[in-house]
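As C-alpha cells, the structure follows; a few thoughts come after it.
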Amino acid sequence: MTEKCKDCGKCCLNTEMMLSKKEIILLLKNYPQDLQEEDFVLKNNEYFQLKNVNGHCVFFDISTKKCKIYSNRPQGCRFYPLTYDKDKKTCVFDEDCPRTHLFYQSHDEFEKTCEQIQKFLREYLDIKL
Ligand code: SF4
Ligand code: SF4
C-alpha cells in the first residue's frame, strides 16, 4: 500500500470493484493459498465484482488495513480513486475517497489514466461506454 493510502483502506470496505475474467484467472493462479472462484467473485447483471465478507473486501486485512493481494490487486483498485462516470461520459474522483487531492495531480496523468480506464472497461469488461 502506498503512503497516500496509509491507515485508510476505506475503498476496501463494502467494495463493488469490477473484475475481469482475466483477473479472476490470474488471481486463482497467483494466490498463495487454495482459493476458489466463489470465495472472491460475485456476478451481478453486467460484470464480475469482488466479494465482501463482514463488510469489507475478502482480500482486505482489517487489522493492518492492508490489501492481502496488493501486487496482484485488480486493475480497478489500481485506477482508484479515479473512476468512469457513464452518465457524464468522463472520469471523476470517487467521493468516498477522503484523499483524492493526492492522486493524479497533473492534467496529463489524469487524462492518460482516464483513457486507460475506458480501454479497460471496453476491452476487458465488455462494457459499452
Ligand atoms: S484510495 Fe482513497 S479510500 Fe482508498 S485507501 Fe487510498 S486514500 Fe483510502
Ligand atoms: S483487492 Fe485489495 S485493494 Fe482491491 S478492494 Fe480488495 S483489499 Fe482493497
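General observations
- One chain, two ends: Gln36 and Gln105. Fully extended at 0.36 nm per residue, the span grows by 21.0 nm beyond their Cα-Cα distance.
- The Cα center of the stretch 102-116 and the Cα center of the stretch 44-88 differ in position by 20 Å.
- Neighbour count of at most 15 Cβ within 10 Å plus DSSP loop: longest GluC sites (Glu not before Pro)-free window in the chain: 47-94
- Sites excluded, trypsin sites (Lys or Arg not before Pro) in DSSP loops with at most 11 other C-beta within 10 Å, longest stretch of the chain: 7-85
- Estimated distance in nm for a label pair at Val92 and Glu115, the labels positioned 7 Å out from Cα along Cα-to-Cβ: 2.4 nm
- The chain: mean projected area of Cα convex hull, nm²: 8.2 nm²
- Pairs beyond 18 Å (Cα-Cα), from Lys88/Lys128; Lys10/Lys88; Lys43/Lys65; Lys21/Lys88; Lys21/Lys43; Lys86/Lys119: Lys10/Lys88; Lys43/Lys65; Lys21/Lys88
None of the figures in this text is laboratory data; all of them are computed from the coordinates on show. Worth saying up front: this structure is predicted, and the values here are computed from it rather than measured. Methodologically, a virtual Cβ is constructed for each residue, glycine included, from the backbone with ideal geometry; neighbour enumeration extends over all protein chains shown.
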